[in-house]
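Let me give you the structure first, and then I'll get to my questions.
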Amino acid sequence: MTRTETETILEQDVPGRTRWGVFLAILAVPTLVVAALLALLIAWLFTDDSVDTGVRKVSCAEAFAYGGAKPPTGVRDLTCSLEAGQGSRYEARFLMRNAEVSAWVAANYPDGPALRNVQCGGTDVYACMSRGPAAGQSGSVQMEIAHDSDKWSEVRYKAFTS
């Protein structure tokens, strides 16, 4: 049998030959998915959480004034923030000498209530106070005092709209 010029020879697959284009296309999809997930994870890790929660830093004078108090003096690590939601919620955290905590509370809230040692939340809290809004004040106040060391207490002050 002789071949004519009009006949075409079909290309036959050579045994053991890999189709690299198909192989690479199959690998590209999961690789791109994993790369996108890693990029999202890295972006999430370096995102400032306060942006998403509506919490922002404010002056401590503003935070304490909302609850009818003056900022304490001689404290360490004082930070104040405002969480905007349905109502305003100010929060201040600071370290104060153990001996000065009761005097500061009594000076700012002379009409009471005083710090109490019972019915306080948390196992580390040794004193607390809850107070509704008094005349001329915008918000209610909650305080929790926990020992930080032998000389210092951690005070968590919250003033919020009831």
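So which residues in the range 105-137 are modelled with pLDDT under 90, open to solvent by less than 70 Å² (accessible area, probe 1.4 Å) and polar (S, T, N, Q), if there are any at all?
Hit for the range 105-137 is Gln137, nothing else.
Separate question: If I ask for residues that are closer than 22 Å to Phe160 by Cβ and either at pLDDT below 90 or crowded, with 17+ Cβ neighbours inside 10 Å (or both), which ones from the range 66-77 would you list?
If the condition is that a residue be closer than 22 Å to Phe160 by Cβ and either at pLDDT below 90 or crowded, with 17+ Cβ neighbours inside 10 Å (or both), then Tyr66, Gly67, Gly68, Ala69, Pro71, Pro72, Val75 are the ones that fit.
For the range 51-65, give me the residue count where each residue is among the small types (Gly, Ala, Ser), open to solvent by 30 Å² or more (accessible area, probe 1.4 Å) and touching a residue at least 24 places away in the same chain (Cβ under 8 Å). Before you say what the answer is, go through the steps one by one.
The initial filter retains those residues of the range 51-65 that are among the small types (Gly, Ala, Ser), namely 54, 59, 61, 63, 65.
If we keep only those that are open to solvent by 30 Å² or more (accessible area, probe 1.4 Å) too, we end up with 54, 59, 61, 65.
Applying the additional criterion that residues be touching a residue at least 24 places away in the same chain (Cβ under 8 Å) yields 54.
Residues in the range 51-65 being among the small types (Gly, Ala, Ser), open to solvent by 30 Å² or more (accessible area, probe 1.4 Å) and touching a residue at least 24 places away in the same chain (Cβ under 8 Å): 1 in total.
Are there strands (runs of 3 or more DSSP E) fully within the range 84-161 with at least 3 residues that are under 22 Å from Glu62 (Cα atoms) and touching a residue at least 40 places away in the same chain (Cβ under 8 Å)? List them.
Working: elements: 88-97, 125-131, 140-147, 152-160.
Passing ranges, in order: 88-97, 140-147, 152-160.
Condition first: modelled with pLDDT of 90 or more and open to solvent by 40 Å² or more (accessible area, probe 1.4 Å). Now tell me which residues in the range 138-159 satisfy that.
Gln142, Glu144, Lys151, Glu154, Lys158
Regarding the range 90-104, can at least one residue be identified that is closer than 21 Å to Phe160 by Cα and at pLDDT below 90?
no
The values are calculated or read from the model by the stated rules, or taken from the named source; none is laboratory data. Computed from a predicted model, the values in this text were never measured in an experiment. Because the Cβ atoms are built from the backbone with ideal geometry, glycine has one as well, and the counts that use them run over all protein chains shown. Note: areas computed on protein heavy atoms with side chains; ligands, DNA, RNA excluded. Shrake-Rupley method; radii C 1.70, N 1.55, O 1.52, S 1.80 Å.
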